[in-house]
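Asks: The following block contains the structure, expressed as structure tokens.
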Amino acid sequence: MGYHAEKSVEQKMAVLQGFTTNATKVVIATLESFGSGMDFPHVRMVFMLTMPKSVELFWQAAGRGGRDNQATSIYLFSTLHDTITACAYAAGAPDMRIVARAFGITATCRIREVLQCIGSDEAQAGCGHCDCCLRCSAMMDITAEVRAMLCDLRQRGGDATPKELKATYSVEVLRACLELGSVFTDGSSAQLRLELGTDDRTVALRRGYADAPPVVVHVTEAVCGEKRKRN
């Protein structure tokens, strides 16, 4: 059932009544219209169909599930376009870089990334129950591919469009560079361009320094207990 601003008050009440009595199993809604303040103890799954624009919005959506202290599954779907959009917001909202990483392919623990963003003392150890901690995805070192793209971007004059880069490099390489801050965009130009970062990590990767930290990503779709091959 849908729940959004174009629904009448009567229609919204009918949806809420059905969800409260468990007659309606699934509600599709925006966080702004449904998430905040909704307190249903029987929500077992929450699906987010795009990357949230802030850590707070993620907590609001995720917090709709498990309010009876029982296990709940949270699924978040994001694409390269979502990552680019999130990083475009990063200039005005620095935590968006962490949002992109926390919900991306370079995180080592999603909850730890989020806790680091809000300055929690619990951010040191892995949560033990996100897909990263449970190794639901295969890990791959793509340091060489990232270095090649950064060098290529340097030779192009320091910037290029995502389309230009996708012709040579995989989506995983582009997402990893965006999440780590090695490339960035301010989102202000009519034709979106990715620009080469100048931070120490990026320079170390591009020049191939021995002490440059490796870039490890989650690249294989899998379900805990039952691995699946990517198409």
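The values are calculated or read from the model by the stated rules, or taken from the named source; none is laboratory data. What you are looking at is a predicted structure, and each value in this text was computed from that prediction instead of being measured. For neighbour counting, all protein chains shown are included, and Cβ atoms are generated from backbone atoms with ideal geometry for every residue, glycine included.
Asks: Quick check: anything in region 5-17 closer than 30 Å to C177 by Cβ and in a helix (DSSP H, G or I)?
Replies: Step one: list which residues in region 5-17 are closer than 30 Å to C177 by Cβ, which gives none.
No, there is no match, as no residue in region 5-17 is closer than 30 Å to C177 by Cβ and in a helix (DSSP H, G or I).
Asks: So, M38, is that one at pLDDT below 85, in a loop (DSSP other than H, G, I, E, B) and within 22 Å of A100 (Cα to Cα) or not?
Replies: Details: at pLDDT below 85: yes; in a loop (DSSP other than H, G, I, E, B): yes; within 22 Å of A100 (Cα to Cα): no.
Spelling it out, it is not the case that M38 is at pLDDT below 85, in a loop (DSSP other than H, G, I, E, B) and within 22 Å of A100 (Cα to Cα).
Asks: Within region 2-18, take every residue that is small (G, A, S) and in contact with a helix residue (DSSP H, G or I) (Cβ under 8 Å, 6 or more places away or on another chain) and give me the one that is nearest to A29 (Cα to Cα).
Replies: Of region 2-18, the ones small (G, A, S) are 2, 5, 8, 14, 18.
Okay, now just the ones that are also in contact with a helix residue (DSSP H, G or I) (Cβ under 8 Å, 6 or more places away or on another chain), so 2, 5.
Values: G2: 6, A5: 9 Å.
Top of the filtered list is G2.
Asks: Now for a different question. On the given criteria, is F19 crowded, with 17+ Cβ neighbours inside 10 Å and aromatic (F, W, Y)?
Replies: yes
Asks: If you check every pair at least six apart or on different chains, which have Cβ atoms under 9 Å apart with a residue in region 1-29 that is at negative phi and modelled with pLDDT of 85 or more first and a residue that is part of a helix (DSSP H, G or I) and exposed (fewer than 13 other Cβ atoms within 10 Å of the Cβ) second?
Replies: Final answer for the pair search is A23/Q17; T24/Q17.
Asks: Go through region 136-169 and count every residue that is surrounded by fewer than 15 Cβ atoms within 10 Å (Cβ to Cβ) and small (G, A, S).
Replies: 5
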